[in-house]
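For reference, the structure is listed below as structure tokens.
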Amino acid sequence: MPSHSCIVEDGIGAELRLDRYIAENLKILSRSQIKARGLEAQVNGKTVKLSRILKAFDKLELQWKDAEAIDLIPENIPLDVIYEDPRVIVVNKAQGMVVHPGAGNWHGTLANALLYRKAFKDAKNLRPGIVHRLDKDTSGLIIAAWDDEALAFLASQFKNRSTKKTYAALVKGCPKEKSGTIETFLIRNPRDRKTFTVSKDKGKASITQYRVVKSWGSHSLLLLRPKTGRTHQLRVHLKYLGYPILGDPLYGVEDRLFPRATLMLHAKRLSIVLPGSGKGQTFRAPLPLRFHEIFKALD
């Protein structure tokens, strides 16, 4: 069963009902999900009702049921295939496509599309051959395996960080240093559980190299090379640097020139050794139309 523990911060959760605090501050479950998942709560070691009014520095212990899993259904979803052989497939994922099925996203995912393209033995495996992930709003290269041996071979390279990944990001502003390395610790944001933030000495170590490719003054195109693979790493790092990614709904800022821009982050290059080859191979995905439309407006 999923669980969560935290301390109620003074001035943030104090004087709120427990269910409202979970839904509005922690944002781990909505109020309807709290009821549907049979959430159980303890405050300072004692079981309480969801109507409990919280006080500053209360210690919360929460536990709830998993969302009911369903069999993964093959779906005929068009894919932009960059490379395919009997053991692996490399796809240029479209922006807006979810990689892994989950609550609220059981259909229309990359996993559904892969199941349709190649019959998997176990349709209950919710990550059929998928080695790594991209955020829903990030477009670009992602590799998957067609068999268990290939999956293990690819996964080992991501684990030991021998793969080389390059992303393109259009950011607001222009970094003073034309290249550099961002090295921080990342933790889940205690005020918004859907996001992450930088910490001085806690959390997971994260490293990103960057280089400015072109600048228009108000905006710049950067190439990013993550040395670690933390959730939201590139997005958090660029916000921390002071140049958030254009169109980022979680870490961005308002942009008067492009108020309707979507996340301008694209996985454009991936270097990896394929099963059975013994040699590294590099795959590339061209920048999507949304980038070129903004380039045209900036030029």
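Taken together, the values in this text are just the output of simple stated rules run on the coordinates, not laboratory data. Note that the structure is predicted; figures quoted are calculated from it, not measured. Cβ atoms come from the backbone with ideal geometry, glycine included; neighbour counts cover every protein chain shown.
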Checklist entry - What is the ratio of the Cα radius of gyration of the chain to 2.2 N^0.38 Å, where N is its residue count, to two decimals? => result 1.11
Item to check | Förster radius 30 Å - calculated FRET efficiency between residue 63 and residue 201 (Cβ-Cβ, nearest 0.05) | outcome: 0.55
Next on the checklist: Can you give me the Rg/Rh ratio for segment 153-218, using Cα atoms for both radii and the Kirkwood formula for Rh?
Outcome noted: 1.04
Checklist entry - Counting other Cβ atoms within 10 Å of each Cβ, which trypsin sites (Lys or Arg not before Pro) in segment 228-299 have at most 12 and sit in a DSSP loop? => result 256, 260, 279
Checklist entry - What value, in deg cm²/dmol to 500, does the helix sum -39500 (n - 2.57) over DSSP H runs of n ≥ 4 give at 222 nm once divided by the residues of the chain? => result -4500 deg cm²/dmol
Checklist entry - For the pair residue 254 and residue 149, how long in nm is the line joining their label points, each one 7 Å along Cα→Cβ? => result 5.9
Checklist entry - Considering the chain as a Gaussian network with a 10 Å cut-off on Cα pairs, which listed residue, 272, 207, 77, attains the greatest mean-square fluctuation? => result 77
Next on the checklist: Please report the spacing between the Cα centers of segment 160-174 and segment 237-269 in Å, no decimals.
Outcome noted: 13
Checklist entry - Based on the alpha-carbon gyration tensor of segment 164-298, what equivalent-ellipsoid semi-axes (square roots of 5 times the eigenvalues) come out, in whole Å, largest first? => result 24, 22, 14
Checklist entry - How high is the relative contact order of the chain, given as a whole-number percent (alpha carbon pairs under 8 Å, six or more residues apart)? => result 14
Checklist entry - Longest segment of the chain with no GluC sites (Glu not before Pro) in a DSSP loop having at most 12 other Cβ atoms within 10 Å? => result 69-176
Checklist entry - Using Cα-only point scatterers and the Debye equation, what is log10 of I(q)/I(0) for segment 204-246 at each q in 0.14, 0.19 Å⁻¹, rounded to two decimals? => result -0.32, -0.56
